[in-house]
Structure formats: structure tokens, C-alpha cells
Amino acid sequence: MPRRSSTEAAKIVEEVVGDIIDELVEKYYSDKVDEYVEYEELLAKIADEITRVVFKGKATVDDIEAYLYRLREKKGYAKLILSYLIGRALELREEVEGYMPVSDNTRT
């Protein structure tokens, strides 16, 4: 997806399931997602993972939005899927060599 579409897709993720993501981040991942910039990055990564996994790399913002609305209808299932996607995004970020969250820089 082009950068512009990733930004649009991240906004759609926030709009449709942002409340569920906020709940999951607060409950399970608050120590890993401290900064607003990281949260925006997380939303974009969730959109990218949905595109990659659900749509085999070929999705429009409208496809992602429709998928998220269908997912939202089953809140328990949505929490499970979104928790997986959050964990996956954070795992991928940590694999980047030399990555250190901003919040960890202040703990020395």
C-alpha cells in the first residue's frame, strides 16, 4: 500500500475499532506502547497486517473498513484477532536491530 493509503487505513482502524485497541493496549501492552507516535505506528501496522494476512496483500481502505466492521460485530473474536495483530506488530518492531522504545531510554 502506498504511504497515503497506510495513513488512511490507520485512521480507519482507529475509527472502527480504536476503542477495542485502546482497551487491549491498556490492559496488556501499556508497557510497550507508551508514546503517541508509537500508537499511530501500531495502527498502521495493524492495517498492514490485515492487508497482508486477510487480503493476501491486495486491499483497499474500503476493504479494510468493511472487514473491521464485520469483525467488530463479534467483540470477543475482535479482541482475540486485534490482540494477535497488536502482539505481532510489536514483535516485528522489536526484531528491528537496535530498536529501543523511547520510554526505555529514560530508565538508566
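The values are calculated or read from the model by the stated rules, or taken from the named source; none is laboratory data. As the structure is a computational prediction, the values presented were derived from the model and not from experiment. Here the Cβ positions follow ideal geometry from the backbone for every residue, glycine too, while neighbour counts run over all protein chains shown.
If you go through region 43-85 and keep only what is out of contact with any Asp or Glu (no Cβ under 7 Å at 6 or more places or on another chain), among the β-branched types (Val, Ile, Thr) and part of a helix (DSSP H, G or I), you end up with 46, 50, 51, 53, 64, 81.
Quickly run through region 86-108 and pick out the residues that are aliphatic (A, V, I, L, M), at pLDDT below 65 and not in a loop (DSSP other than H, G, I, E, B). The answer is 102, and nothing else. Residues in region 7-42 that are part of a loop (DSSP other than H, G, I, E, B) and surrounded by fewer than 14 Cβ atoms within 10 Å (Cβ to Cβ) were compared, and the one that is modelled with the lowest pLDDT is 35.
Can you name every residue in region 41-59 that is touching a residue at least 12 places away in the same chain (Cβ under 8 Å) and not hydrophobic (A, V, I, L, M, F, W, C)? If the condition is that a residue be touching a residue at least 12 places away in the same chain (Cβ under 8 Å) and not hydrophobic (A, V, I, L, M, F, W, C), then 41, 45, 48, 49, 51 are the ones that fit.
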